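A short write-up of the structure that comes next.
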Amino acid sequence: MSLYQVIQESGISLHANESPYPIEDSIKAELKAALSTIPFHRYPDDRALQLREAYAAYLRVDPACIMAGNGSDELIGLLISVCITKGKRILTLDPDFSIYDYYAKRNEGVLIKYPYDGENPFDIHDAIAFAQAQRIDMILLSNPNNPSGHWIPVCDIDILCRFFPQIPIVIDEAYGEFAPESSISLLAKYPQLFVLRTMSKAFGMAGLRCGFLLADKDTMSKLSPYKVPYNVNAFTQCAAVILLSHQEQMYRHVQAIIQERERLYHALREQFQGILTIHPSHANYLYGASRKKEEMIQVLTDHNITIRNYADSDHFRITIGTPEENNLLLSVLQKHFKQEEIISCER
Ligand SMILES: Cc1ncc(COP(=O)(O)O)c(C=O)c1O
(Lines give C-alpha, C1' and ligand atoms only; values in the text may rest on other atoms or scores of the structure.)
Protein backbone atom coordinates (compact mmCIF):
# COMPACT_ATOMS: atom_id res chain seq x y z
CA MET A 1 0.00 0.00 0.00
CA SER A 2 1.26 3.50 -0.73
CA LEU A 3 2.05 5.81 2.20
CA TYR A 4 -0.91 8.01 1.20
CA GLN A 5 -3.27 5.07 1.32
CA VAL A 6 -2.02 4.09 4.79
CA ILE A 7 -2.44 7.64 6.11
CA GLN A 8 -5.84 7.99 4.50
CA GLU A 9 -7.17 4.73 5.87
CA SER A 10 -6.04 5.36 9.43
CA GLY A 11 -7.55 8.85 9.32
CA ILE A 12 -5.89 12.23 9.58
CA SER A 13 -6.72 14.37 12.64
CA LEU A 14 -6.23 18.01 11.78
CA HIS A 15 -8.87 19.34 14.17
CA ALA A 16 -7.43 19.46 17.72
CA ASN A 17 -4.15 21.39 17.31
CA GLU A 18 -2.11 18.41 18.49
CA SER A 19 1.47 17.84 17.38
CA PRO A 20 1.59 15.61 14.31
CA TYR A 21 4.85 14.14 15.63
CA PRO A 22 4.86 11.30 18.15
CA ILE A 23 7.50 11.25 20.90
CA GLU A 24 10.68 9.81 19.35
CA ASP A 25 11.51 6.14 19.98
CA SER A 26 14.71 6.77 21.97
CA ILE A 27 12.77 9.03 24.38
CA LYS A 28 9.91 6.51 24.55
CA ALA A 29 12.49 3.91 25.64
CA GLU A 30 13.45 6.25 28.51
CA LEU A 31 9.78 6.64 29.48
CA LYS A 32 9.40 2.87 29.46
CA ALA A 33 12.47 2.39 31.69
CA ALA A 34 11.18 5.05 34.09
CA LEU A 35 7.89 3.16 34.52
CA SER A 36 9.55 0.52 36.70
CA THR A 37 10.91 3.19 39.08
CA ILE A 38 7.59 4.90 39.89
CA PRO A 39 5.90 3.89 43.18
CA PHE A 40 2.38 3.59 41.76
CA HIS A 41 0.91 2.55 45.14
CA ARG A 42 1.80 6.01 46.50
CA TYR A 43 0.17 9.36 45.72
CA PRO A 44 2.22 11.59 43.43
CA ASP A 45 4.20 14.57 44.72
CA ASP A 46 1.47 17.12 45.44
CA ARG A 47 3.85 20.03 44.84
CA ALA A 48 5.23 18.43 41.61
CA LEU A 49 8.58 19.83 42.70
CA GLN A 50 10.89 18.08 40.22
CA LEU A 51 8.53 18.89 37.37
CA ARG A 52 8.19 22.54 38.38
CA GLU A 53 11.97 22.84 38.70
CA ALA A 54 12.49 21.34 35.23
CA TYR A 55 9.85 23.63 33.69
CA ALA A 56 11.25 26.65 35.55
CA ALA A 57 14.70 25.91 34.13
CA TYR A 58 13.20 25.67 30.62
CA LEU A 59 11.50 29.10 30.99
CA ARG A 60 14.28 30.60 33.15
CA VAL A 61 11.96 31.55 36.02
CA ASP A 62 11.72 30.75 39.73
CA PRO A 63 9.89 27.42 40.43
CA ALA A 64 7.90 29.30 43.11
CA CYS A 65 6.20 31.21 40.27
CA ILE A 66 4.79 28.00 38.75
CA MET A 67 1.78 25.76 39.45
CA ALA A 68 1.46 22.48 37.52
CA GLY A 69 -1.93 21.21 36.36
CA ASN A 70 -3.71 18.28 34.76
CA GLY A 71 -3.49 20.10 31.43
CA SER A 72 -3.83 23.88 31.30
CA ASP A 73 -7.61 23.32 31.03
CA GLU A 74 -7.64 22.48 34.74
CA LEU A 75 -5.80 25.72 35.54
CA ILE A 76 -8.17 27.83 33.41
CA GLY A 77 -10.99 26.27 35.45
CA LEU A 78 -9.17 26.99 38.70
CA LEU A 79 -8.56 30.66 37.86
CA ILE A 80 -12.15 31.26 36.77
CA SER A 81 -13.58 29.49 39.83
CA VAL A 82 -11.38 31.58 42.15
CA CYS A 83 -11.91 34.95 40.41
CA ILE A 84 -15.48 34.74 39.13
CA THR A 85 -18.76 34.63 41.00
CA LYS A 86 -22.30 35.11 39.71
CA GLY A 87 -22.62 38.02 37.27
CA LYS A 88 -18.88 38.88 37.14
CA ARG A 89 -17.69 39.88 33.70
CA ILE A 90 -14.76 38.32 31.83
CA LEU A 91 -13.33 40.06 28.77
CA THR A 92 -12.15 37.75 26.01
CA LEU A 93 -11.86 37.96 22.23
CA ASP A 94 -14.31 36.89 19.56
CA PRO A 95 -13.25 34.36 18.43
CA ASP A 96 -11.32 32.77 21.29
CA PHE A 97 -10.87 29.35 22.96
CA SER A 98 -14.27 27.71 23.52
CA ILE A 99 -13.38 26.32 26.98
CA TYR A 100 -13.58 29.87 28.37
CA ASP A 101 -17.32 29.88 27.65
CA TYR A 102 -17.70 26.53 29.41
CA TYR A 103 -15.96 27.58 32.66
CA ALA A 104 -17.53 31.05 32.66
CA LYS A 105 -20.99 29.47 32.42
CA ARG A 106 -20.22 26.90 35.14
CA ASN A 107 -19.31 29.74 37.50
CA GLU A 108 -22.27 31.91 36.43
CA GLY A 109 -19.90 34.52 35.00
CA VAL A 110 -20.57 36.56 31.86
CA LEU A 111 -18.20 36.50 28.89
CA ILE A 112 -17.83 39.86 27.16
CA LYS A 113 -16.28 39.39 23.72
CA TYR A 114 -14.20 42.01 21.94
CA PRO A 115 -14.56 41.24 18.25
CA TYR A 116 -11.19 40.62 16.66
CA ASP A 117 -10.32 37.97 14.10
CA GLY A 118 -6.85 39.15 13.17
CA GLU A 119 -7.81 40.62 9.81
CA ASN A 120 -6.93 44.28 10.61
CA PRO A 121 -4.07 45.44 12.87
CA PHE A 122 -4.96 45.00 16.58
CA ASP A 123 -5.70 48.33 18.29
CA ILE A 124 -4.92 47.90 21.99
CA HIS A 125 -6.38 51.31 22.90
CA ASP A 126 -9.68 50.48 21.23
CA ALA A 127 -9.76 47.14 23.10
CA ILE A 128 -9.06 48.97 26.40
CA ALA A 129 -11.83 51.53 25.74
CA PHE A 130 -14.22 48.64 25.02
CA ALA A 131 -13.19 46.86 28.25
CA GLN A 132 -13.58 50.03 30.34
CA ALA A 133 -17.06 50.68 28.95
CA GLN A 134 -18.04 47.08 29.74
CA ARG A 135 -16.92 47.29 33.42
CA ILE A 136 -15.07 43.99 33.27
CA ASP A 137 -13.79 42.02 36.29
CA MET A 138 -11.20 39.81 34.57
CA ILE A 139 -9.37 39.55 31.24
CA LEU A 140 -8.70 36.12 29.70
CA LEU A 141 -7.39 35.67 26.18
CA SER A 142 -5.36 33.19 24.19
CA ASN A 143 -2.20 34.57 22.61
CA PRO A 144 -1.52 33.31 19.95
CA ASN A 145 -5.26 33.31 19.55
CA ASN A 146 -7.10 30.04 19.10
CA PRO A 147 -8.57 29.91 16.48
CA SER A 148 -7.41 32.98 14.49
CA GLY A 149 -3.65 32.39 14.96
CA HIS A 150 -3.18 36.12 15.54
CA TRP A 151 -0.56 37.16 18.11
CA ILE A 152 -0.69 40.32 20.26
CA PRO A 153 2.82 41.70 20.93
CA VAL A 154 4.09 41.79 24.51
CA CYS A 155 4.28 45.62 24.43
CA ASP A 156 0.47 45.67 23.99
CA ILE A 157 -0.03 43.21 26.88
CA ASP A 158 2.16 45.56 28.93
CA ILE A 159 -0.18 48.50 28.11
CA LEU A 160 -3.20 46.34 29.01
CA CYS A 161 -1.69 45.46 32.41
CA ARG A 162 -0.89 49.12 33.10
CA PHE A 163 -4.52 50.11 32.40
CA PHE A 164 -6.06 47.40 34.58
CA PRO A 165 -3.92 47.05 37.73
CA GLN A 166 -6.84 45.83 39.89
CA ILE A 167 -8.24 42.88 37.94
CA PRO A 168 -6.75 39.48 37.03
CA ILE A 169 -5.32 39.39 33.50
CA VAL A 170 -4.74 35.89 32.12
CA ILE A 171 -2.72 35.36 28.94
CA ASP A 172 -3.13 31.81 27.67
CA GLU A 173 0.06 30.89 25.80
CA ALA A 174 -0.87 27.31 24.90
CA TYR A 175 0.89 27.95 21.55
CA GLY A 176 3.68 30.08 23.04
CA GLU A 177 6.49 28.04 21.49
CA PHE A 178 5.26 29.02 18.00
CA ALA A 179 5.18 32.76 18.83
CA PRO A 180 8.04 35.30 18.75
CA GLU A 181 7.91 36.31 22.45
CA SER A 182 6.21 35.51 25.79
CA SER A 183 4.40 37.69 28.33
CA ILE A 184 6.27 35.78 31.07
CA SER A 185 8.78 38.67 31.01
CA LEU A 186 6.04 40.93 32.48
CA LEU A 187 5.20 38.76 35.50
CA ALA A 188 7.65 40.45 37.87
CA LYS A 189 6.11 43.83 36.99
CA TYR A 190 2.41 43.00 37.41
CA PRO A 191 1.06 40.98 40.37
CA GLN A 192 -2.36 40.72 38.68
CA LEU A 193 -0.91 38.98 35.59
CA PHE A 194 -1.11 35.20 34.97
CA VAL A 195 0.37 33.25 32.06
CA LEU A 196 -0.80 29.76 31.07
CA ARG A 197 1.41 27.28 29.22
CA THR A 198 1.05 23.64 28.20
CA MET A 199 3.10 20.64 27.13
CA SER A 200 0.19 19.40 24.96
CA LYS A 201 1.17 21.26 21.79
CA ALA A 202 4.87 21.92 21.07
CA PHE A 203 6.04 19.07 23.33
CA GLY A 204 3.52 16.61 21.82
CA MET A 205 2.20 15.49 25.21
CA ALA A 206 -1.57 16.10 24.80
CA GLY A 207 -2.43 12.56 25.96
CA LEU A 208 -0.50 12.91 29.22
CA ARG A 209 -2.18 16.14 30.38
CA CYS A 210 0.39 18.58 31.70
CA GLY A 211 -0.07 22.34 31.85
CA PHE A 212 1.31 25.24 33.88
CA LEU A 213 0.21 28.50 35.40
CA LEU A 214 2.78 31.23 36.02
CA ALA A 215 2.46 34.34 38.15
CA ASP A 216 4.50 36.55 40.41
CA LYS A 217 5.74 34.59 43.50
CA ASP A 218 3.40 36.32 46.01
CA THR A 219 0.37 35.97 43.75
CA MET A 220 1.17 32.28 43.30
CA SER A 221 1.45 31.67 47.03
CA LYS A 222 -2.05 33.19 47.47
CA LEU A 223 -3.49 30.97 44.73
CA SER A 224 -1.78 27.69 45.75
CA PRO A 225 -4.29 26.72 48.51
CA TYR A 226 -7.03 26.48 45.84
CA LYS A 227 -5.22 23.80 43.82
CA VAL A 228 -6.77 20.31 43.86
CA PRO A 229 -4.43 17.96 45.79
CA TYR A 230 -2.41 15.44 43.72
CA ASN A 231 -3.74 16.92 40.48
CA VAL A 232 -0.82 15.78 38.29
CA ASN A 233 -0.33 12.01 38.26
CA ALA A 234 3.04 10.37 38.94
CA PHE A 235 3.66 9.11 35.40
CA THR A 236 2.88 12.48 33.81
CA GLN A 237 5.25 14.24 36.23
CA CYS A 238 8.00 11.76 35.40
CA ALA A 239 7.36 11.81 31.62
CA ALA A 240 7.29 15.61 31.48
CA VAL A 241 10.65 15.84 33.29
CA ILE A 242 12.13 13.40 30.75
CA LEU A 243 10.72 15.38 27.82
CA LEU A 244 12.06 18.61 29.30
CA SER A 245 15.51 17.04 29.32
CA HIS A 246 15.16 16.56 25.52
CA GLN A 247 14.17 20.05 24.44
CA GLU A 248 16.02 19.62 21.15
CA GLN A 249 13.22 17.26 20.02
CA MET A 250 10.60 19.92 20.77
CA TYR A 251 12.55 22.68 18.97
CA ARG A 252 13.03 20.40 15.93
CA HIS A 253 9.30 19.64 15.78
CA VAL A 254 8.33 23.31 16.26
CA GLN A 255 10.65 24.34 13.38
CA ALA A 256 9.21 21.63 11.12
CA ILE A 257 5.63 22.68 11.97
CA ILE A 258 6.33 26.39 11.36
CA GLN A 259 7.93 25.56 8.00
CA GLU A 260 4.91 23.44 7.00
CA ARG A 261 2.49 26.09 8.27
CA GLU A 262 4.04 28.68 5.95
CA ARG A 263 4.07 26.26 3.00
CA LEU A 264 0.41 25.30 3.55
CA TYR A 265 -0.62 28.94 4.07
CA HIS A 266 0.88 30.01 0.74
CA ALA A 267 -0.35 26.92 -1.11
CA LEU A 268 -3.94 27.38 0.11
CA ARG A 269 -3.93 31.10 -0.68
CA GLU A 270 -2.46 30.68 -4.14
CA GLN A 271 -4.29 27.56 -5.26
CA PHE A 272 -7.75 28.37 -3.89
CA GLN A 273 -8.08 32.07 -4.58
CA GLY A 274 -11.74 33.03 -4.66
CA ILE A 275 -12.69 29.79 -2.85
CA LEU A 276 -10.94 30.13 0.53
CA THR A 277 -9.55 32.96 2.63
CA ILE A 278 -6.75 32.00 5.02
CA HIS A 279 -5.34 34.07 7.91
CA PRO A 280 -1.60 34.24 8.65
CA SER A 281 -0.80 32.35 11.86
CA HIS A 282 1.64 32.38 14.78
CA ALA A 283 0.53 28.94 15.96
CA ASN A 284 0.32 25.33 14.71
CA TYR A 285 -2.91 25.81 12.74
CA LEU A 286 -4.49 27.97 10.06
CA TYR A 287 -7.86 29.70 10.35
CA GLY A 288 -9.92 30.32 7.28
CA ALA A 289 -13.33 30.89 5.79
CA SER A 290 -15.16 29.80 2.68
CA ARG A 291 -18.67 30.01 1.30
CA LYS A 292 -18.02 26.44 0.20
CA LYS A 293 -17.02 25.31 3.70
CA GLU A 294 -19.61 22.55 4.07
CA GLU A 295 -18.68 21.09 0.68
CA MET A 296 -14.99 21.29 1.55
CA ILE A 297 -15.49 19.60 4.95
CA GLN A 298 -17.55 16.86 3.28
CA VAL A 299 -14.92 16.08 0.68
CA LEU A 300 -12.21 15.96 3.35
CA THR A 301 -14.39 13.73 5.56
CA ASP A 302 -14.89 11.40 2.57
CA HIS A 303 -11.10 11.05 2.51
CA ASN A 304 -10.88 10.49 6.28
CA ILE A 305 -9.41 13.94 6.98
CA THR A 306 -10.92 15.82 9.93
CA ILE A 307 -10.54 19.58 10.35
CA ARG A 308 -12.30 21.87 12.86
CA ASN A 309 -15.67 23.11 11.66
CA TYR A 310 -17.15 26.22 13.29
CA ALA A 311 -20.90 25.75 13.17
CA ASP A 312 -23.15 28.64 12.09
CA SER A 313 -20.31 30.40 10.26
CA ASP A 314 -18.13 30.04 7.16
CA HIS A 315 -15.07 29.41 9.33
CA PHE A 316 -12.82 26.39 9.73
CA ARG A 317 -9.42 25.67 11.28
CA ILE A 318 -6.76 23.28 9.97
CA THR A 319 -4.08 21.94 12.32
CA ILE A 320 -0.70 21.64 10.62
CA GLY A 321 0.08 17.99 9.96
CA THR A 322 3.17 16.19 8.70
CA PRO A 323 4.30 17.15 5.14
CA GLU A 324 2.61 13.96 3.83
CA GLU A 325 -0.67 14.77 5.60
CA ASN A 326 -0.61 18.37 4.35
CA ASN A 327 0.12 17.20 0.79
CA LEU A 328 -2.81 14.82 0.97
CA LEU A 329 -5.12 17.59 2.19
CA LEU A 330 -3.96 19.84 -0.67
CA SER A 331 -4.37 17.16 -3.31
CA VAL A 332 -7.87 16.19 -2.12
CA LEU A 333 -8.96 19.85 -2.29
CA GLN A 334 -7.22 20.42 -5.64
CA LYS A 335 -8.88 17.39 -7.20
CA HIS A 336 -12.31 18.35 -5.89
CA PHE A 337 -12.28 22.02 -6.82
CA LYS A 338 -10.61 21.36 -10.20
CA GLN A 339 -13.35 18.83 -10.97
CA GLU A 340 -15.96 21.37 -9.96
CA GLU A 341 -14.37 24.00 -12.23
CA ILE A 342 -14.47 21.57 -15.18
CA ILE A 343 -18.12 20.74 -14.52
CA SER A 344 -19.10 24.41 -14.22
CA CYS A 345 -17.21 25.22 -17.49
CA GLU A 346 -19.05 22.40 -19.30
CA ARG A 347 -22.46 23.72 -18.20
C1 LIG B 1 -5.79 28.33 23.80
C2 LIG B 1 -5.78 27.01 24.49
N3 LIG B 1 -5.58 26.98 25.81
C4 LIG B 1 -5.57 25.82 26.49
C5 LIG B 1 -5.74 24.62 25.84
C6 LIG B 1 -5.79 23.37 26.65
O7 LIG B 1 -4.57 22.75 26.67
P8 LIG B 1 -4.29 21.53 27.65
O9 LIG B 1 -4.14 20.35 26.78
O10 LIG B 1 -3.02 21.91 28.35
O11 LIG B 1 -5.43 21.39 28.61
C12 LIG B 1 -5.94 24.59 24.46
C13 LIG B 1 -6.16 23.33 23.77
O14 LIG B 1 -6.50 23.21 22.63
C15 LIG B 1 -5.96 25.82 23.76
O16 LIG B 1 -6.17 25.88 22.45
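The values are calculated or read from the model by the stated rules, or taken from the named source; none is laboratory data. Please read these numbers as outputs of a predicted model, since none were measured by experiment. No Cβ is skipped: glycine too gets one built from the backbone with ideal geometry, and neighbour counts run over all protein chains shown.
Observations on the model:
- Exclusive hit being touching a strand residue (DSSP E or B) at 6+ places or on another chain (Cβ under 9 Å) and surrounded by 21 or more Cβ atoms within 10 Å (Cβ to Cβ), set ASP101, ASP73, ASP96: ASP96
- Considering only residues in the range 222-262 that are among the polar types (S, T, N, Q) and out of contact with any Asp or Glu (no Cβ under 9 Å at 6 or more places or on another chain), the one that is nearest to the ligand (Cβ to nearest atom) turns out to be THR236.
Residue by residue, here is whether (1) over 27 Å from GLU30 (Cβ atoms); (2) at pLDDT 95 or above holds:
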position: TYR251; (1), (2): no, yes
position: GLU270; (1), (2): yes, yes
position: ILE275; (1), (2): yes, yes
position: PRO280; (1), (2): yes, yes
position: ALA283; (1), (2): yes, yes
position: ASP302; (1), (2): yes, yes
position: PHE316; (1), (2): yes, yes
position: LEU330; (1), (2): yes, yes
position: GLU346; (1), (2): yes, no
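- Residues that are part of a loop (DSSP other than H, G, I, E, B) and without any contact (Cβ under 8 Å) to a residue 24 or more places away in the chain were ranked within the range 42-71; the one that is farthest from the chain's Cα centre (by Cα) is ARG47.
- Scanning the range 174-191 for residues that are closer than 19 Å to ALA16 by Cα, part of a strand (DSSP E or B) and in contact with a helix residue (DSSP H, G or I) (Cβ under 9 Å, 6 or more places away or on another chain) turns up nothing.
- Selected residue (criterion: nearest to LEU140 (Cα to Cα)) from residues of the range 89-123 that are among the polar types (S, T, N, Q) and touching a residue at least 24 places away in the same chain (Cβ under 8 Å): THR92
- Test: residue in the range 202-213 that is surrounded by 18 or more Cβ atoms within 10 Å (Cβ to Cβ), of a type in the set (D, E, K, R), within 15 Å of the chain's Cα centre (by Cα) and closer than 18 Å to ASN145 by Cβ: no
- Annotation: of all residues in the range 227-252 being farther than 15 Å from GLY211 by Cβ and touching a Pro at 6+ places or on another chain (Cβ under 6 Å), the one that is surrounded by the most Cβ atoms within 10 Å (Cβ to Cβ) is ALA234.
- Single residue of the range 273-302 satisfying the filter (in contact with a strand residue (DSSP E or B) (Cβ under 8 Å, 6 or more places away or on another chain) and assigned to a loop (DSSP other than H, G, I, E, B)) that is nearest to GLY11 (Cα to Cα): ASN284
- Filter result (assigned to a strand (DSSP E or B) and either out of contact with any strand residue (DSSP E or B) (no Cβ under 7 Å at 6 or more places or on another chain) or not basic (Lys, Arg) (or both)) within the range 192-220: LEU193, PHE194, VAL195, LEU196, THR198, GLY211, PHE212, LEU213, LEU214, ALA215
- Pairs, first within 21 Å of VAL241 (Cβ to Cβ) in the range 211-229, second assigned to a strand (DSSP E or B) and of a type in the set (Gly, Ala, Ser), C-beta under 6 Å, six or more apart: GLY211/GLY69; PHE212/ALA68
- For the criterion of being crowded, with 17+ Cβ neighbours inside 10 Å, among the hydroxyl-bearing types (Ser, Thr, Tyr) and within 11 Å of the ligand (Cβ to nearest atom), THR219 fails.
- Residue in the range 155-178 that is touching a strand residue (DSSP E or B) at 6+ places or on another chain (Cβ under 8 Å) and aromatic (Phe, Trp, Tyr) present: yes
- Test: residue in the range 179-196 that is near the ligand (Cβ under 10 Å from one of its atoms) and either in the same structural domain as PHE97 (by TED's automatic domain parsing) or at negative phi (or both): yes
- Here the helices (runs of 4 or more DSSP H) wholly within the range 74-168 that include at least 3 residues being at pLDDT 95 or above and away from the ligand (no atom under 16 Å from the Cβ) are 124-133, 154-163.
- Counting the residues of the range 154-181 that are in contact (Cβ under 8 Å) with a residue 60 or more places away in the chain and more than 30 Å from GLU260 (Cα to Cα) gives 1.
- Residue in the range 11-18 that is away from the ligand (no atom under 16 Å from the Cβ), loosely packed, with under 14 Cβ neighbours inside 10 Å and under 29 Å from ILE307 (Cβ atoms) present: yes
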